[in-house]
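Only one structure is covered here, and it is reproduced in the block below.
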Amino acid sequence: MLGEGAFGGVYRATFYVKGERKPVAVKVNKGNEKISTRNMIEDVCKEARIMRQYQHPNVVYFYGVCVEKEPIMLVMELANQGALDSFLKNEKNSVTLRDKLKYSLDASKGLEYLHQHGCIHRDVAARNFLMHKSVVKITDFGLSKQLSDLAHKYKLKDIQAKLPIRWLAPEVMVTATYTFKSDVYSFGILLWEIFMDGASPYPGMKLAEVRVKVKSGYRMDAPDRMPTFARNIMINQCWPQAPEDRGNMTEIRSSMESVLDGKVTAMGVRSMYMKT
């Protein structure tokens, strides 16, 4: 087993495509449920419909879904280095500052691609990015919403739903309404995670306290070893209280790319190859 979540387990398997063997990850519903509920089947099919639209180097590739008989299975690309948060924790002594900036750029490219295709991810967090051959790829579309050309937001119908509070934008906590800008806020939390070696946000704080403080404007301190330009992106482009004051993922990706490509000199990047 590669991992486990609310839906069930994720397993390593072999998938045959035109006679070729491919290692894949298979997301399987809980084995103790002999009969899947209609809601579960609908949720899996919804996630599959979203995933099959996308082909991008920083988005996990989707092969297909099996729903004709139990167990329900989603078949997707296997990431050989696991979830980003676990990778950062396990490899913190070998990951360099430049590595972290590259992972941040990879993540920004994946999320930018989703936004360009009208998808609000709604669960941007290090646990939902995978590492494959040192490339970061976004995954887990269980909470994602594909918007029509006319829609620019999604309002949560079940306000009692279990939500990732530590990654939520303040307006989502207040109005239960998601937009591309709420993903941008969560991307700022992801940056914090990356430069804190996969640590959980708001350390030492309970969820109720996080909710109250974030709604009132509280933000975490930037990690000590975070380059100035990345800190500015996190604070000034991702974390403003008002969604309209935040940047978009194209702007954020472009800023990161310019620094990593050497087109722009940014404070705090002189020790790019130092271990953190």
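The values are calculated or read from the model by the stated rules, or taken from the named source; none is laboratory data. Because the structure is a prediction, the values reported are computed rather than measured. So basically every Cβ, Gly included, is an ideal-geometry build from the backbone, and we count neighbours across all protein chains shown.
Of all residue pairs spaced 6 or more apart or on separate chains, those with beta-carbon atoms under 6 Å, a first member in the range 174-188 that is within 17 Å of residue 129 (Cβ to Cβ) and a second member that is at pLDDT 95 or above and among the charged types (D, E, K, R) are 184/246.
The lone criterion from (1) polar (S, T, N, Q); (2) surrounded by fewer than 16 Cβ atoms within 10 Å (Cβ to Cβ); (3) at pLDDT 95 or above left unmet by residue 258 is number (3).
Out of everything in the range 123-175 that is in a loop (DSSP other than H, G, I, E, B), among the aliphatic types (A, V, I, L, M) and modelled with pLDDT of 65 or more, what residue ends up being nearest to residue 242 (Cα to Cα)?
Let us first name the residues in the range 123-175 that are in a loop (DSSP other than H, G, I, E, B), namely 123-125, 133-134, 139-144, 147-152, 156-164, 168-169.
If we keep only those that are among the aliphatic types (A, V, I, L, M) as well, we get 124-125, 143, 147, 150-151, 156, 159, 161, 163, 168-169.
Remaining after also requiring modelled with pLDDT of 65 or more: 124-125, 163, 168-169.
Working: 124: 19, 125: 21, 163: 21, 168: 13, 169: 10 Å.
Among those residues, the one meeting the criterion is 169.
Does the range 97-105 include one or more residues that are in contact with a strand residue (DSSP E or B) (Cβ under 6 Å, 6 or more places away or on another chain), under 30 Å from residue 80 (Cβ atoms), surrounded by 22 or more Cβ atoms within 10 Å (Cβ to Cβ) and modelled with pLDDT of 95 or more? Among the residues of the range 97-105, at least one is in contact with a strand residue (DSSP E or B) (Cβ under 6 Å, 6 or more places away or on another chain), under 30 Å from residue 80 (Cβ atoms), surrounded by 22 or more Cβ atoms within 10 Å (Cβ to Cβ) and modelled with pLDDT of 95 or more, which makes the answer yes.
Considering only residues of the range 34-48 that are touching a strand residue (DSSP E or B) at 6+ places or on another chain (Cβ under 8 Å) and over 21 Å from residue 79 (Cα atoms), which is modelled with the lowest pLDDT? Full working, then the answer.
Restricting attention to the range 34-48, the residues satisfying the condition of being touching a strand residue (DSSP E or B) at 6+ places or on another chain (Cβ under 8 Å) are 36, 40, 44-45, 47-48.
After this cut, where a residue has to be over 21 Å from residue 79 (Cα atoms) as well, the list is 36, 40, 45.
Working: 36: 54, 40: 65, 45: 71.
In this case the residue turns out to be 36.
Counting the residues of the range 176-202 that are at pLDDT 95 or above, surrounded by fewer than 20 Cβ atoms within 10 Å (Cβ to Cβ) and either hydrophobic (A, V, I, L, M, F, W, C) or in a helix (DSSP H, G or I) (or both) gives 1.
Only one of 226, 234, 205 is in a loop (DSSP other than H, G, I, E, B) and crowded, with 20+ Cβ neighbours inside 10 Å. Can you tell me which? None of the others qualify; the one that does is 226.
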